[in-house]
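> Before anything else, here's the structure in question.
Laboratory data are not the source of any read-out in this text; all were calculated from the coordinates shown. What you see is a predicted model, and the numbers here were worked out from it, not measured in a lab. Heads up, the Cβs are rebuilt from the backbone with ideal geometry, glycines too, and the neighbour counts pull from every protein chain shown.
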Amino acid sequence: MTSTQSSPLEVVAVRAHRHRAPLLRPFVTAARRTEAVEYVVAEVELADGTVGQGSAAETVAVTGESAATIAEALDGPLRRAVEGARGTITELSARVAAALEGATSAKAALEVALHDAWARSLDAPLVELLGGRVGDGLMNDMTISLEDPDVMAAHTREAVAGGEQILKIKLGRDIDEDRKRLAAVVAAAPDARLRLDANQGWEPEQAIDIIAGFVADGLPVDLVEQPVAAANIEGLARVSAAVEVPIMADESVWDAADARRLVEADAVDLLNIKLAKTGGLRGALAIADVALEAGVECMVGAMMEPRISITATAHLAVAHPAITLIDLDPPFWFASDVPAGGYTQERGWMRLTGGPGLGLERLTADVDPSGADVPPVPARPGASGGVADPTGGGR
Ligand SMILES: [Mg+2]
C-alpha cells in the first residue's frame, strides 16, 4: 500500500442534491424512450475543506433505483456510514459498500465523491492515484437511437460528420426490422464500426442464427452485447463458442464474483463494467482485475448519466490495463453538459484533462434544477407533464 493510499481522510459532511437534465433528442431503445434524466449529485466535505462530488442517475429498470431512492439512501444509511468517519480511501469505500443492500448507483455516487475528494486533497488527478496516466486516450462511441431506418441514417451521418468512428446500436425485438435499420446505418457510414446491444433479447439458438446472419450480411460488427438472459451463463457460452463475433456480458456482470463465474465458464470474450452496477470504483477495479488475470478485455459503459459519472468512469478506464473499450457518450445527449472540465473529445478520442480529483468544476445545487424539493403544483386535469420516463436511463 502506498502512502497516498494509507493517508487517512476525515469526512465532516455528506450532502445530496437532485437535478433534472433535458436531453437534446430522445434516447430510444426497444424498452423505453427517455427525454430527460433525473440525477443526484453526492457531495462530501473533508476536515481540510476539500469537497468531492459524484453522481448517479435514475435507472429503475436496471438498478431498481429512482432519483428519490438514490437521494434517500444518500441522506440516510450512506451518509451515516461515512459522515464523521476517519479512514483511508479503501476503508471509507468499504463502509459505503457495507452500508445497505443494493443501492449500487447511490453507493457509486458517494464512493466517487470520496475518491474525488481524496485525489483533490492530494492535489493529484484521480487516474494517477489509480495507477494510470492523464495523457492516455481511448476511442469513444456514439449510440444511434432506435428509430425508423431513415431517421437512424440521418443521425448516423450527423455522428460521422462529427468525427465518430464507432456506432452503438440498440437492437429491437423484430430482427427483420433491425436488419433494415442496420443496412441504413451501414449505407450512411460505410467506414464506421458497429457495437450491437441485444439487452438479453434472444434465446441462445436464435442469437447464434441472428449473429451468423450479421456476419453473412458483411456488417462491420465489433461485438454483440448481452445476447441472452443475464442468468443464462451456459447460453452465453454456447453463443460465444458458435460465433466469431466477440460476445460481451453486461447485465450478467455486477461484481467480481459474477466476472469470475463468466470467465471460468468461458462464457464471454468481453465484460462491460458500469459504476452504477458495481457501486463505485473499487468494485469496478475488482472486475477489471479478474479480467486481467483471465486475459479478458473490458469495456466501461454507463447509464444515461451526467458528466460527473462519465468522467469518473473515464479515469477508471484510463487507469486499468484490462479496460480497452469505452462506451461513454451520454454527456453528448444532455442539453446542459455540466460541470465543465474532466475530459475532452476530438474525432471520437476521449482524453482526460487532468487537474486535481476528477478535474471537474463543482456542480452547484441550482444547476439543472429538478424541482424535487419544491412543493408540487397540483396538475390540471388533462395536462401533460414533462416528466422523465420513470424507467428511463438504462443502457
Ligand atoms: Mg448493454
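> Output the relative contact order of the range 145-201, whole-number percent, from Cα pairs under 8 angstrom with separation of 6+ residues.
On the way: 64 pairs, mean separation 26.8, N = 57.
Dividing the mean separation by the residue count of the range 145-201 yields 47 percent.
> To continue, here is another question. Exactly which trypsin sites (Lys or Arg not before Pro) in the range 287-375 are in a DSSP loop and have at most 15 other Cβ atoms within 10 Å? Display every interim value, and only then the final one.
On the way: sites: 307, 347, 351, 362; in loops: 347, 362.
For trypsin sites (Lys or Arg not before Pro) across the range 287-375 that sit outside H, G, I, E and B with at most 15 neighbouring Cβ atoms in 10 Å, the list reads 347, 362.
> Provide the FRET efficiency to the nearest 0.05 for the residue 150-residue 337 pair, computing r from the beta carbons and using R0 = 22 Å.
Working: r = 28 Å, r/R0 = 1.25.
About 0.20, to the nearest 0.05.
> Where the centre of each part is set by its Cα atoms, how far does the range 252-299 sit from the range 187-210, in angstrom?
About 22 Å separates the Cα centre of the range 252-299 from the one of the range 187-210.
> Please state, rounded to one decimal and in Å, the Kirkwood hydrodynamic radius that the range 3-124 gives when every pair of distinct Cα atoms enters the mean of 1/r.
Details: mean 1/r = 0.0674 Å⁻¹.
Averaging 1/r across every pair of different Cα atoms and inverting gives 14.8 Å.
> Right, next: Need one number: nm distance between label points at residue 324 and residue 294, each 7 Å from Cα along Cα→Cβ, rounded to one decimal.
Going by the 7 Å Cα→Cβ label model, 1.6 nm.
> Given 0.36 nm per residue, what is the gain on full extension from residue 361 to residue 94 after removing their alpha carbon distance, in nm? It would help to have the intermediate numbers written out before the result.
Working: separation 267, 0.36 × 267 = 96.12 nm, distance 2.67 nm.
This chain segment gains 93.5 nm when fully extended.
> With no solvent and one equal point scatterer placed on each C-alpha of the range 232-372, evaluate the Debye formula and give log10 I(q)/I(0) for q = 0.10, 0.15 Å⁻¹, two decimals.
-0.38, -0.76
> Hey, another quick one. Quick one: which of 84-91, 12-19 comes out on top by average Cβ neighbours within 10 Å, and what's the full order, highest first? Let's see the in-between values first.
On the way: 84-91: 15.5, 12-19: 19.9.
Ranking the peptides 84-91, 12-19 by packing returns 12-19, 84-91.
> Just need the relative contact order of the chain here, percent rounded to a whole number, with Cα pairs under 8 Å and 6+ apart.
Values: 902 pairs, mean separation 86.5, N = 395.
Value for the chain: 22 percent.
> OK, next. Using 0.36 nm times the number of residues separating residue 174 and residue 83, minus their current alpha carbon distance, what extension gain do you get? Could the numbers behind the result be given before it?
Numbers: separation 91, 0.36 × 91 = 32.76 nm, distance 4.99 nm.
The span from residue 174 to residue 83 would gain 27.8 nm if fully extended.
> Next question, about the same structure. Once both labels are modelled 7 Å past Cα along the beta-carbon direction, what's the residue 265-residue 353 spacing in nm?
Those two pseudo-labels are separated by 4.3 nm.
> Also: Is the shape of the range 222-306 rounded, prolate or oblate, going by the alpha carbon gyration tensor and its root eigenvalues a ≥ b ≥ c, with a/c under 1.5 for rounded and a/b larger than b/c for prolate? Please report the intermediate quantities before stating the final value.
Numbers: a/c = 1.77, a/b = 1.43, b/c = 1.24.
Cα axes put the range 222-306 in the prolate bin.
> Hey, what D do you get for the chain in µm²/s if you plug the Kirkwood alpha-carbon radius into Stokes-Einstein at 4 °C and 1.567 mPa s?
Values: Rh = 21.3 Å.
Result for D is 61 µm²/s.
> Still on this structure: May I ask for the distance between the Cα centers of the range 4-39 and the range 40-65, given as a whole number of Å?
Comparing the Cα centres of the range 4-39 and the range 40-65, I get a distance of 7 Å.
> Under a crude label model (7 Å from the Cα following the beta-carbon direction), how far is residue 35 from residue 10 in nanometres?
It is 5.0 nm.
> Return the FRET efficiency for the residue pair residue 24, residue 136: r is the Cβ-Cβ distance, R0 is 41 Å, and the value is rounded to the nearest 0.05.
Details: r = 29 Å, r/R0 = 0.70.
Rounded to the nearest 0.05, the efficiency is 0.90.
> For the range 202-235, list residues with backbone N below 19 Å from a point placed 7 Å from the Cα of residue 101 toward its Cβ?
Residues passing the 19 Å test: none.
> Of all DSSP beta bridges in the chain, what percent run antiparallel (nearest 5)?
Details: 33 of 57 bridges.
If we restrict to bridges inside the chain, about 60 percent are antiparallel.
> Something else now. Multiply the residue separation of residue 157 and residue 372 by 0.36 nm, subtract the distance between their alpha-carbon atoms, and state the gained length in nm to one decimal. Before the final figure, lay out each step's value.
Numbers: separation 215, 0.36 × 215 = 77.40 nm, distance 3.77 nm.
Length gained, residue 157 through residue 372: 73.6 nm.
> Mind jotting down a quarter of the surface of the convex hull over the alpha carbons of the range 83-132, in square nanometres, one decimal? Before the final figure, lay out each step's value.
On the way: hull surface 14.9 nm².
Mean orientational projected area (the range 83-132, Cα hull): 3.7 nm².
> Now a separate question. Would you grab the residues whose amide H sits under 5 Å from the one on residue 168? Only those 5+ places off in sequence or on another chain, please, with H modelled 1.01 Å from N.
Residues meeting the criterion, in which the H sits 1.01 Å from N, are 142, 143, 144, 195.
> Per residue, how big is the convex hull around the C-alpha atoms of the range 128-352? Give it to me in cubic angstrom, could you?
Details: hull volume 25.2 nm³, N = 225.
Dividing the Cα hull volume of the range 128-352 by its residues yields 112 Å³.
> Along the charge dipole of the chain, Cβ charges K/R +1 and D/E -1, which of 57, 364, 229 sits furthest on the positive end?
Checked the options; the winner is 364.
> So what is the calculated 222 nm ellipticity per residue for the chain, using -39500 (n - 2.57) for each DSSP H run with n of 4 or more, over all residues, to the nearest 500 deg cm²/dmol?
-10000 deg cm²/dmol
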